[in-house]
Structures are given as C-alpha cells and as structure tokens.
Amino acid sequence: REAYNSRAMSATAKQEAQRILGRCLPPTEPEGRETGLVVGYVQSGKTMSFETVISLARDNEYGVVIVFAGTKKNLREQSEDRLTKDLGIEDGDNWYHFSNPARAETSQIEDKIQAWKKKPTKKKAILITVLKQVDHLDNLERVLRKLSLDRVPVLIIDDESDQASLNTNAAKIRAGRVDPDTRSSTYDRIVAIRASVSHHSFLQYTATPQANLLLAQTDLLNASCAELVTPGDTYVGGRAFFKENPGLIIDIPAREVPSKDNDVSAPPKSLLSALRYFLLVCAQHAVTKVRGKDRNRSMMVHPAMQTGTHKVYKEWVDNSLRTLTTRVERQHLKAPGEIAERFQLEYDSLRRTYSDLRPLSELIESMVNDVFGEMNCVEVNGTPDAEKKVHWKSTPYWILVGGAKLDRGYTVEGLAITYMPRPLGSSPAADTLQQRARFFGYKKDYQGLCRVFVQSEVREAFANYVDHEEFVRSALINNRGKSLKDWRRDFILHQLLKPTRPNVIGLGSRRINFDGWMVPDALHRENDAVEANRALLDRVEQQWKKTYGPARNASDLPQLKGAKAPTLLIEGIPLKAVLDDFMLNLEVRDPTDAEEHSAMLIGLSLIHISEPTRRTPISYAVFCLK
C-alpha cells in the first residue's frame, strides 16, 4: 500500500502493477500456480514495480510474499533497504519481515501466519527476502514445508530471474544427452520451493528476458504470460545513449587496454580523461548545490572480472587523483591558465552537450573547495579489503572500481562517468552485455554531463542491442493478453551477439543471416501455391506500374549496362509497399523456406520502422518482376 500510494509513482506504473497482479492466480482460488514474466529496461524502475505489486497483493489478501533478492549479498542488502523504506516495514503496521529465514524461525513465522488467518479485515502479511543461493533456498524450502500454508495465497518475486534461477542443463536435455529430470542446484531448489506452496504466483522480473523466453515449453519455470514495465519520462536508456546522442560515447583505443598481448604499465590517457570529466561533473554538482535524491555523483571503472585487474585500476585512479589534486590546489591561483588548459578539452566537450555548464574557472575553484576533500575511491568486489557496502550518504562523490558486483542489478547512485575497457569477447551473450549498462537510469536532467568510455566494438554491440531490445518488447506488447506458450520466438539479433548463454536454452532454434541474397529452395513445390504466387505477382505488377511508373530494362541502367539477361525493373517502390503488397501475401509452404521467409519479413519490417532514424535511410526498393 505504501509503494502504491506514493506520489512519485506515475498513473502508468500503477496501472501496470494492477495488470501484473491481475495476471496472477486469484487469491480466492483454493490452490494452483501461475508463472508470469515482467520485463523492464535496465535501471528503469523494476524494483518500484514489484514493490507496488507486493503492496497490491497484501491489500488483495495474499498472506505471504517471497522475494528472491539476487545472488550476491550486496544486491540482497540493496533490495532489503529499498523494501524496508518503501513498504514502511519498520513502522510495523502491515508487514512481518524475515531475511534468509532458518529452520529455527519456523515457529515464529507459523505464529504470524495463524495471526493472519484470524484477522479477515486487517491482515498483517509476511515478507520473506532470501539470497538466491543454494543453502539459503534450501533452508527456506524446509521452513515452508513446516508451515500451515493451506488457503494462504503466496506471491513469489524472482528479481533478476534470468540469472542463476534457470536450469543450466536445459541444452543437454534438449539434445538428449541427460535425463529430462536433470536439474541444476539453484533451479532445483526454486522448483522445490514452488512445490511446497499449494497456492502461489511466481513473477519473473528482468530487463533481459532472452533466456526466460527460450525455455522449453515443459520447463517448470516457463512463463505463461508476460507484462512490461514502462519507464518514466526522465529515463534514459540504450537509445538515448547509443542512437540519439552518440557524442556521449567515447572510444577507448585498443592500445590502452591491458591484455596478455598488450602491456600497459601507466594509467591510460583515456582513463585520465575520464577522471577529468568526472571532476568537472562533480564541480558542477557542487556549484549548483544539488541535494535530495540526486545528492551523489559517481564514476564507475569496470575493467574485467579478475579482482587483480581491479587493484591495478584503483591504484592508477588513486595515484592520478592524488597528483591532479596536488597540482590543482597548488597552481590554480598561481597559474590559472595552465590548470584551465589541463581541463579544456573535457570542458568543451561537456559544454556541447550541457548548455548550463558553469564557467571553467568557477568549476576549478569548486574542485579545490568542495570536491577533492569529498572524493572517495573504493573497490567493490569479493576481496577481503573491498568496500562491503557503499554508504552513499557519507560523502557525495564516489569512484567505484569493480567487476561482477557492479554488473546486474546493482544501482550506482548518480552515475555520470563510466570507464569500461572490458573487451566484447568472442560471441558474447546479448543479455550479459546489456546488464553491464549501469549508466542507464533516471538522469535526463544531467544526461548531457554523462560520458561512457568503451572500446569501439562494445559501442557497436550496444547500438545493435537497442534494435533487438525494442523488437522483443514490441513483440511482447503485441502478444499481451495471450499465452506465451503460443508465441513464436523470432528475434532480431546482430551477428556480433548470441541471445544468452547456450546451456539454459531449452527450445530448438535456427539462426538465419541476412547478409546477401536469400534464395528459396522449394517455392515451386506445390502447384496451387505456384499459381497463387503467379497471380499475386501479376496483380502487384499492374498495381505498381500504375502507381510508380512503367518498368524499365535493367540493362539501360549505367550500373547494369551490357547485362546478358535483361530484367525489367520498377524503381521508387517504398519498402512498405514491397512488404504490404507482395511479401506478406506470398505463399511459402516448405517449412525451411517458410522460416527464412518469416525471418526476412521481420528484418525488413525492422528496417522500415527504423528508417527515420537510420544514418543511411533506405529511400526506395528495386524489385525484380520478370
């Protein structure tokens, strides 16, 4: 109720939460189970969405809510902090909260369930948060089996549901290499938890649903329905960064990225530039005295998974920051021109994307007075000396250096500068790549101050992911209200990427490439289809000649001069007409050809839809008629 009544929440968010809960099992049913998929964007408000759904569930007589809160301790703590604050748990009016419950707490939870059953009009529900790790899930399953949950509706939220929850034996099962009942450990515990609750709805929340959508139809976590979380107006995501504002993305030269074949012994120039950008952004923040929710500005350095690399980059940042601080503090009054020149390139760049930037001299003064003393650089990883929990309120300016713990699900407050030298790797998973985009979020007010440093191939992969993401979301919107089990999984995906890690894919799939011509093998196999297609071609030819002009001999065109087998061409036909008048009406009976034909239509449709924003628009199509 607290989250649902929040003034900050839009009417759209409330409606979506109502629709999501509406797809769950009605609390009036005596027993049963439902599985739903909820898809948002990275850093777009999925937590607020499921908090709202949780509040609505309590108001609609769900007695128990279970939240699988990530696979890492920092993510569980982050989720618990949000839930405690937004649901008013510490007020004690609507919730009993148990974190990672052990068997010793079974009787205490049972008492709360009995209290819930005795109060039909005013019910205080039970919220359980649990780390998505085998031991904790195993403890929870044993607790649930001891509870009197008959006729107690239960809602289970699986946050970041495409991570860890899924059966990593799915591909082996599909290939017949293992028994169909073979389960990976975390998946097995989640299935066991669901089996211990007779009445429940299981909602899978994620921003990267590729793995969830490629589960086998018989998979015990396969969703039957899907809903979407729509971000607010101030959200900026992949399109805003990689399509509409490419000036916010800065390439890291390959020679500046350490590897086994490239020894980099000093801080790369691009890292030093990123640090100067960050200091200017912090100074702008200090001068304008931004407070409240937007009280932080941060920089993220995300080099690789290995923690040894994190130490190298942190040492580079520490030493560079120390040197720069000393020089600026000593020289900003004696040699202001020299100090200004050091920041001029980054300042001019920020000025082009953020019109309200204060004068450079004022920002340098603010660095000395307000920023240097408040800067804190920490490692965020699993090493003993790393920062266990970032206390954002303790200081406004942070530089976080890390790997996996700065990936999926982790919120970096006020993130402005991202330095990610991490390479793309060979055939990376699209969902894994997208989850690294911690720089997305509700930052429209200061988007022009943001910069993302990546290698050029990573920039290209992110840009291509945008089209893929929008295609999947559009398909889910078109399928809204229908069963996911009947939806054909067609994805547009750049050749740089694979959809997800192969071991969790339970559906058979085929990749169809669009480079070059696509020649059907069996278009003339059935006589009735041949006659229908010839009649279609005759109709289309007459229609196009009237609309777009007579057919010309292709050999008359300069680029085809002297062609031995002349072809008649009609020029200036819009791609939409090719699709609507002809391609969508072709009869393709052969299963393999039909797959390729469908894939081609999807690809052409995407090109047509994105024509207004393409750098090189396709203005017309030339189609062979005879």
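For region 315-334, the condition holds for no residue, the condition being that it is within 21 Å of Arg438 (Cβ to Cβ), within 27 Å of the chain's Cα centre (by Cα), surrounded by 13 or more Cβ atoms within 10 Å (Cβ to Cβ) and not aliphatic (A, V, I, L, M). Looking across Arg151, Arg145, Arg189, one residue alone is out of contact with any Lys or Arg (no Cβ under 7 Å at 6 or more places or on another chain) and not in a helix (DSSP H, G or I). It is Arg151.
Would you call Val53 closer than 18 Å to Lys117 by Cα, among the β-branched types (Val, Ile, Thr), in contact with a strand residue (DSSP E or B) (Cβ under 9 Å, 6 or more places away or on another chain) and surrounded by 19 or more Cβ atoms within 10 Å (Cβ to Cβ)? Answer is no for this residue.
With the structure loaded, tell me whether Thr168 is of a type in the set (Ser, Thr, Tyr), modelled with pLDDT of 95 or more, open to solvent by 20 Å² or more (accessible area, probe 1.4 Å) and part of a loop (DSSP other than H, G, I, E, B) or whether it fails that test. For Thr168, the condition - of a type in the set (Ser, Thr, Tyr), modelled with pLDDT of 95 or more, open to solvent by 20 Å² or more (accessible area, probe 1.4 Å) and part of a loop (DSSP other than H, G, I, E, B) - is met. Restricting to region 474-496, name every residue that is buried (at least 17 other Cβ atoms within 10 Å of the Cβ) and under 22 Å from Ser165 (Cβ atoms). Leu476, Leu484, Phe491, listed by residue number. The residues of region 238-255 that are part of a strand (DSSP E or B) and open to solvent by less than 50 Å² (accessible area, probe 1.4 Å), listed by number, are Ile249, Ile250.
Within region 419-441, residues that are touching a residue at least 40 places away in the same chain (Cβ under 8 Å) and in a loop (DSSP other than H, G, I, E, B) have Cβ atoms under 6 Å from residues that are of a type in the set (D, E, K, R) and buried (at least 20 other Cβ atoms within 10 Å of the Cβ) in these pairs: Gln435/Arg408, counting only partners at least 6 apart in sequence or on another chain.
For region 20-65, the set of residues classified as within 17 Å of Ala226 (Cα to Cα) and part of a strand (DSSP E or B) consists of Arg33, Glu34, Thr35, Gly36, Leu37, Val38, Val39, listed by residue number.
Against the condition in contact with a Ser or Thr (Cβ under 9 Å, 6 or more places away or on another chain), modelled with pLDDT of 95 or more, of a type outside the set (Asp, Glu) and outside any helix (DSSP H, G or I), how does Pro267 come out, does it pass? Yes; evaluated as a whole, the condition is true for this residue. The condition of being at negative phi, crowded, with 17+ Cβ neighbours inside 10 Å, part of a strand (DSSP E or B) and under 25 Å from the mean Cα position of the chain (by Cα) holds for Leu203. Among all residues of region 325-338, there is at least one that is touching a strand residue (DSSP E or B) at 6+ places or on another chain (Cβ under 9 Å), within 21 Å of Cys377 (Cα to Cα) and not in a strand (DSSP E or B). In region 446-473, the residues that are closer than 23 Å to Ala286 by Cβ reach residues that are open to solvent by 20 Å² or more (accessible area, probe 1.4 Å) and in a helix (DSSP H, G or I) with C-beta atoms within less than 7 angstrom, at least six apart or across chains, in these pairs: Gly448/Thr353. Would it be correct to say that Tyr465 is more than 24 Å from Asp294 (Cβ to Cβ), open to solvent by less than 10 Å² (accessible area, probe 1.4 Å) and of a type in the set (Ser, Thr, Tyr)? Judged against the criteria, Tyr465 is a match.
For the structure I just gave you, tell me whether Ser44 is under 26 Å from Ala475 (Cβ atoms) and open to solvent by 10 Å² or more (accessible area, probe 1.4 Å). Considered against the rule, which asks whether it is under 26 Å from Ala475 (Cβ atoms) and open to solvent by 10 Å² or more (accessible area, probe 1.4 Å), Ser44 comes out as no. Put simply, of Ala216, Ala211 the only residue that is among the hydrophobic types (A, V, I, L, M, F, W, C), more than 21 Å from Gly32 (Cβ to Cβ), outside any strand (DSSP E or B) and touching a Ser or Thr at 6+ places or on another chain (Cβ under 6 Å) is Ala211.
The values are calculated or read from the model by the stated rules, or taken from the named source; none is laboratory data. The model shown is predicted, which means the values in this text are computed figures rather than measured ones. Counting neighbours? That spans all protein chains shown, and the Cβs are built from the backbone with ideal geometry, glycine included. Note: areas computed on protein heavy atoms with side chains; ligands, DNA, RNA excluded. Shrake-Rupley method; radii C 1.70, N 1.55, O 1.52, S 1.80 Å.
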